[in-house]
Amino acid sequence: MDKLIIRGGKPLRGVIRVSGSKNAALPILLAAPLLSSPATFRNVPKLRDIDTTVKLLDILGLSTHFENGVVKVEPARELKFEAPYELVKTMRASALCLGPLLARLCRARVALPGGCAIGARPVNLHLTALEKMGAAFNLEGGYIDGRCKRLTGARIVFDFPTVGGTENLLMAASLAKGETVLENAAREPEVVDLANFLNACGARISGQGTTVITIEGVDELHGADYAVMPDRIEAGTYLVAAAITGGELLVKNCPVDELDAVISKLREMGVTIEPTKEGAIARAGAETLGADVTTLPYPGFPTDMQAQIMTLMCLAKGSGTIKETIFENRFMHVQELVRLGAKIKVSSQTAFVRGVPELAGAPVMASDLRASASLVLAGLAAKGVTEVARVYHLDRGYEAMEVKLRGVGADIERGKE
Ligand code: EPZ
């Protein structure tokens, strides 16, 4: 397994380019089984989860080609309906093929996605909503076995604005008979990107980005040539990298409009963020101030930036709190940050962070995607050498992170554990 070796203390300066969004590309690619003609997807990041998604499309019978950020997909001559466990266990977002397969084949057999480090990650809200559209599910042998006649439109009120649930239902409803209304729908920009892609394929979706989305089912969807939005979480991570190292970065293609909550919190902590026509310039303030953060569904502060902002807060003058309301176990990075000298106490779903003047490098271990990013950020700021083990977590969601960071002055290299 790979590790990253970081010699901290160097202010980062220069330009970092944001790649396409992992969390937009995954649902958009998994919509491909809905299409009756070829499609081209651009600005697709080279990530483990994307490779897994393309492999899943191959298993379902589609033919795919992924090169230089472009994925070309041809419809399957014979679309399969099963997503096998050995693939689903490596990427729980595979559950997003439920909606498309039921919509096209009236059959879907998808391994029940296991939990992951940050939580149980159930899909009950997806299944309940699809049942309202006429699907019936049997859970046996670790598989979700779904069948239906043609899905029919329904009015669905989500108990929680689930991102994946909203995406699965957008795809299912696009080819259903009649109108579907999703209430308490997720408003995340990645959901909007998926809806925009589906509309480019002939779907009739409106209200995306609000809590009520209406989908008028159509009989067929054609392909499209579509560029995925920039990754707002990768962008936010690099804004923090500039601040935590006392440097200045132009984060190119930074989707500023989709990062309001993150940018206003960073400004509250003393970071200068200047939107430009190319993206955003982030510059460390004279000192970093503590703040209070609560993670919420969009447009609130994103849970995917919680570990990163905590790392910055570890070096603040004063203290701050971080309340995690989305996932039940998303503080795995805390004990690793404490190994670097951070002062953090967790009680129930809130972390109490007391700023320290500096962190000291040490070997640490990544546990999930965003925790690993926070440990890299800590290593960039810490005095001495930090080794981050189990970097495969990072490779799921950050394209060539060490290459991008070396390009702006970081002393970071990949090694073997
Ligand atoms: C998406 O996960 C993202 N993943 C996550 O990013 C992100 O943290 C999350 O949305 C919240 O923004 C992708 O887009 C691939 P949810 P998802 O359904 O769809 C509970 C990353 O780091 N829930 O909004 O799984 C669930 O357990 C990843 O890039 C149910 O209880 O998120 C969680 O506590 C991590 N039942 C909460 O809702 C359900 O049926 C949010 O889940 C569905 C969800």
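The values are calculated or read from the model by the stated rules, or taken from the named source; none is laboratory data. No experiment lies behind these values; they were computed from the predicted model shown. All Cβ positions, even for glycine, are placed from backbone atoms using ideal geometry, and neighbour counts span all protein chains on display. Side chains are part of the model used for accessible areas, which takes the heavy atoms of the whole protein and leaves out ligands, DNA and RNA. Shrake-Rupley method; radii C 1.70, N 1.55, O 1.52, S 1.80 Å.
Taking a virtual spin label 7 Å from the Cα of residue 211 along the C-beta vector, which residues in segment 146-169 bring their backbone nitrogen under 11 Å of it?
158, 160-161, by backbone N distance to the label point.
Accessible area per residue of the chain at 1.4 Å probe, in Å²?
38
Can you find, among 233, 346, 122, the residue sitting farthest towards the positive end of the charge dipole of the chain, where Lys and Arg contribute +1 and Asp and Glu -1 at Cβ?
346
For segment 234-296 and segment 150-187, what is the separation of their C-alpha centers, rounded to whole Å?
34
Where both partners of a DSSP beta bridge lie in segment 105-217, what percent of those bridges are antiparallel, to the nearest 5?
Taking every DSSP beta bridge with both residues in segment 105-217, the antiparallel ones total about 85 percent.
If amide hydrogens are placed 1.01 Å from N in the peptide plane, which non-local residues have theirs closer than 5 Å to the one on residue 325?
Distant-sequence amide H within range of residue 325: 295.
Enumerate the amide H contacts of residue 301 below 5 Å, restricted to partners 5 or more residues apart or on another chain; note that Pro and chain-start residues carry no placed amide H.
296
Tally up the carbon and sulfur contribution to the accessible surface of segment 132-246 as a whole percent, 1.4 Å probe, everything protein left in place.
Answer for segment 132-246 is 48 percent, counting heavy atoms of protein chains only.
Going from most exposed to least, what order do 292, 395 have by accessible area with a 1.4 Å probe?
The most accessible residue leads, giving 292, 395.
Please list 3J(HN,Hα) in residue order for segment 86-100, calculated via the Karplus relation 6.51 cos²θ - 1.76 cosθ + 1.60 where θ = phi - 60°; whole Hz, with x for glycine and proline.
Calculated HN-Hα couplings, in order: 4, 8, 4, 5, 8, 8, 5, 5, 4, 4, 6, 8, 4, x, x Hz.
Express the carbon and sulfur contribution to the solvent-accessible surface of segment 267-417 as a percent, rounded to the nearest whole number, probe 1.4 angstrom.
Whole-percent figure for carbon plus sulfur exposure: 53.
With every protein chain left in place, what is the accessible area of residue 86 in Å² (1.4 Å probe, nearest 10)?
The value for residue 86 is about 120 Å².
Can you give the FRET efficiency to the nearest 0.05 for residue 317 and residue 411, using r as the Cβ-Cβ distance and R₀ = 25 Å?
Efficiency for this residue pair is about 0.45.
Accessible area of residue 55, 1.4 Å probe, to the nearest 10 Å²?
120
Would you mind working out the magnitude of the charge dipole of segment 1-142 relative to its Cα centre, with +1 at each Lys and Arg C-beta and -1 at each Asp and Glu C-beta, to the nearest 20 Debye?
680
How much of the DSSP beta bridge set in the chain is antiparallel, as a percent to the nearest 5?
Around 70 percent of the beta bridges assigned by DSSP in the chain are antiparallel ones.
Residue-wise, which Karplus ³J(HN,Hα) couplings in Hz belong to segment 36-53, taking 6.51 cos²θ - 1.76 cosθ + 1.60, θ = phi - 60°, and x for glycine or proline?
With coefficients 6.51, -1.76 and 1.60, one gets 9, 9, x, 9, 10, 10, 10, 6, 8, x, 7, 9, 4, 5, 6, 4, 5, 5 Hz.
Ranked by accessible surface with a 1.4 Å probe, highest first, in what order do 332, 313 come?
Heavy-atom accessible area, descending, gives 332, 313.
Where nothing but the Cβ of Lys and Arg (+1) and of Asp and Glu (-1) is charged, how large is the charge dipole of the chain around its Cα centre, in debye to the nearest 20?
So the magnitude is around 540 debye.
Any chance you could give the angle, 0 to 90 degrees and rounded to 10, that helix 163-174 forms with the longest Cα principal axis of the chain?
The answer is roughly 30 degrees.
Can you compute 3J(HN,Hα) from phi for each residue in segment 216-226, using the Karplus curve 6.51 cos²θ - 1.76 cosθ + 1.60 with θ = phi - 60°, rounded to whole Hz and x for Gly and Pro?
8, x, 10, 8, 8, 10, 9, x, 7, 10, 9
Would you mind calculating the relative contact order of the chain from Cα pairs under 8 angstrom and at least 6 residues apart, reporting the percent as a whole number?
21
With angles folded into 0 to 90 degrees, how steeply does helix 369-381 sit against the dominant principal axis of the chain? Use alpha carbons for both and round to 10.
20
For residue 129, what charge total do you get from the other residues with a beta carbon under 12 Å from its beta carbon, if Lys and Arg give +1 and Asp and Glu give -1?
-2
How high is the relative contact order of segment 288-417? Use alpha-carbon pairs under 8 Å, at least six apart in sequence, and give a whole percent.
21
What is the Cα convex hull volume of segment 221-310 when expressed per residue in Å³?
Cα-based convex hull of segment 221-310, divided per residue, equals 105 Å³.
Give me the accessible area of residue 47, 1.4 Å probe, in Å² rounded to the nearest 10.
The value for residue 47 is about 10 Å².
Treat each spin label as a single point 7 Å out from the Cα along the C-beta direction, and report the residue 360 to residue 40 distance in nm.
5.6
Need the list of lysines near residue 177 for cross-linking: C-alpha distance under 25 angstrom, and skip anything on the same chain fewer than eight residues off.
Filter leaves 80, 132, 149.
Which value, in Å³ per residue, describes the convex hull spanned by the Cα atoms of the chain?
Enclosed volume per residue, from the Cα hull, is 122 Å³.
Given a 1.4 Å probe and every protein chain left where it sits, what share in percent of the accessible area of segment 30-92 is carbon and sulfur?
Result for segment 30-92: 48 percent of the exposed heavy-atom area is carbon or sulfur.
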